[in-house]
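Heads up, the thing below is written out as structure tokens.
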Amino acid sequence: MSIAYIILGLLLLVLGGEFLVRSSVGLSFKLNISKMVIGMTVVSFATSAPELLVSLQAAMDGSPAIAINNVIGSNIANIGLVLGITAIIGPIVVSKDFYKLNWPVMMIFSLLLYYFLKNDEVLTRTEGLTLFLGLIVFLIVLIKSAKDEDEDDNDEVDDKLATVGYGKILGWLAIGGVALYFGSEFLVDGAKTLAKSVGVSEGVISITMIAIGTSVPELAASVIAAVKGEKAISLGNLIGSNIFNIASVLGLTSLVKEIPITEPQILSRDIFWMLAFAFVILPLVFVPKKFILSRIKGLILFLAYGTFIYLVSFV
């Protein structure tokens, strides 16, 4: 029954995330917000909603390991699984913003999260507020630096949503909110039951099964876009998603309820995998061919992710 709960929860999260993105983008058009700003703020936050709801639900249910490892596992999956598979399908051109802004900021947030957790083994409200305020500063800098770019280049924003009426937008918002709420409930309950029944920790379940599940929307969209040959994904977008996961998901969750470390492997193993995947894309982007993530590099990321899943699940 726990497997059925998990599957149902994942399906509802995917459905809820999709409707939330539609309603958010549609409303942003109504408010005359530019496509560039929509793509970098509204869409990014909306696609982090499944992780946010799962982490909030887990923290409130007394399962902090799920709340933390959901984010750590999602960040690993975004790079190893999503980026790896997408690059295997077709090489990805990397913009110079990667090393000028996006990658350094992702590493800063990742190291800051490690410091906060290692310091006292709890993510406090003050630390969560620091992460969230850091995100706001990053977004301000990002928007200012992108002003000179052609905002029509943002392929992730569907122009058709500009003509949608308020009634449909509110309907999508309601469907998305209800689906995300019940999806997070089913997923957390199913994960906790499954962990107990098979004798593994909640941390293992959350960093593998739940993390992959909450990354399904990004994976599906990336694969479809890559198959169609569309420029609907970039390394910068996935790095941005990782920043949002740390700063908004864990930041906001810890503001609601402080998140303690309850499983030692989170600090002794899991977070080091996240840091390693975050760091390794820097040399991959520059060696041997600069600013190209080739199929070979994608395969390296995918195999590394497979190794990670095997080690945390069976060793």
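Throughout, read-outs are computed from the coordinates displayed, never taken from laboratory work. Predicted model only: the values in this text are computed from it and were never measured. Counting neighbours? That spans all protein chains shown, and the Cβs are built from the backbone with ideal geometry, glycine included.
Quick one: which residues, 5+ away or cross-chain, put their amide H under 5 Å from the amide H of V122? H built at 1.01 Å from N.
Amide H neighbours of V122: I261.
Just from its helices, what would the mean residue ellipticity at 222 nm be for the chain, if runs of 4 or more DSSP H residues each count -39500 (n - 2.57) and the sum is divided by every residue, rounded to the nearest 500 deg cm²/dmol?
Numbers: 15 runs with 211 residues, N = 315.
Mean residue ellipticity, 222 nm, calculated: -21500 deg cm²/dmol.
For the chain, list the DSSP H helices whose alpha carbon atoms reach 24 Å or more along the long axis and whose average Kyte-Doolittle value is -1.0 or above?
2-30, 103-120, 125-145, 166-198, 271-286, 295-314
What is the gain in length, in nm to one decimal, between L267 and K30 on full extension, counting 0.36 nm per residue of separation less the C-alpha to C-alpha distance?
Here the answer is 80.9 nm.
Starting from 0.36 nm per residue, how many nanometres of slack lie between V223 and R125 once their C-alpha separation is accounted for?
31.6 nm
May I ask you to derive the FRET efficiency for S145 and T307 from their Cβ-Cβ distance with R0 = 30 Å, giving the value to the nearest 0.05?
Values: r = 36 Å, r/R0 = 1.19.
Between S145 and T307 the formula returns 0.25.
Please get the size of the charge dipole for the chain, origin at its Cα centre, with Cβ charges of +1 on Lys and Arg and -1 on Asp and Glu, quoted in debye to the nearest 20.
In total the dipole reaches around 440 debye.
Rank-order 281-287, 61-67 by packing density, defined as the average count of other C-beta atoms within 10 Å over each peptide's residues, highest first.
Descending packing order for the listed peptides: 61-67, 281-287.
Pairs on different chains or at least eight residues apart, Cα atoms closer than 22 Å: how many lysine pairs in the range 50-203 fit?
Numbers: K96/K144; K96/K147; K100/K144; K100/K147; K160/K168.
Lysine pair count for the range 50-203: 5.
If you add up the charges near I212, with Lys and Arg at +1 and Asp and Glu at -1, over every other residue whose beta carbon is less than 15 angstrom from its beta carbon, what do you get?
With Lys, Arg at +1 and Asp, Glu at -1, the net is -3.
For the chain, set up a Gaussian network in which alpha carbons nearer than 10 Å are linked by springs, and say which option among L31, L20, L267 fluctuates the most.
In this elastic network of the chain, the residue with the biggest mean-square fluctuation among L31, L20, L267 is L31.
Using a 7 Å offset from Cα along Cα-Cβ at Y115, what residues in the range 243-273 end up with backbone N under 16 Å from the label point?
Answer for this model: 247.
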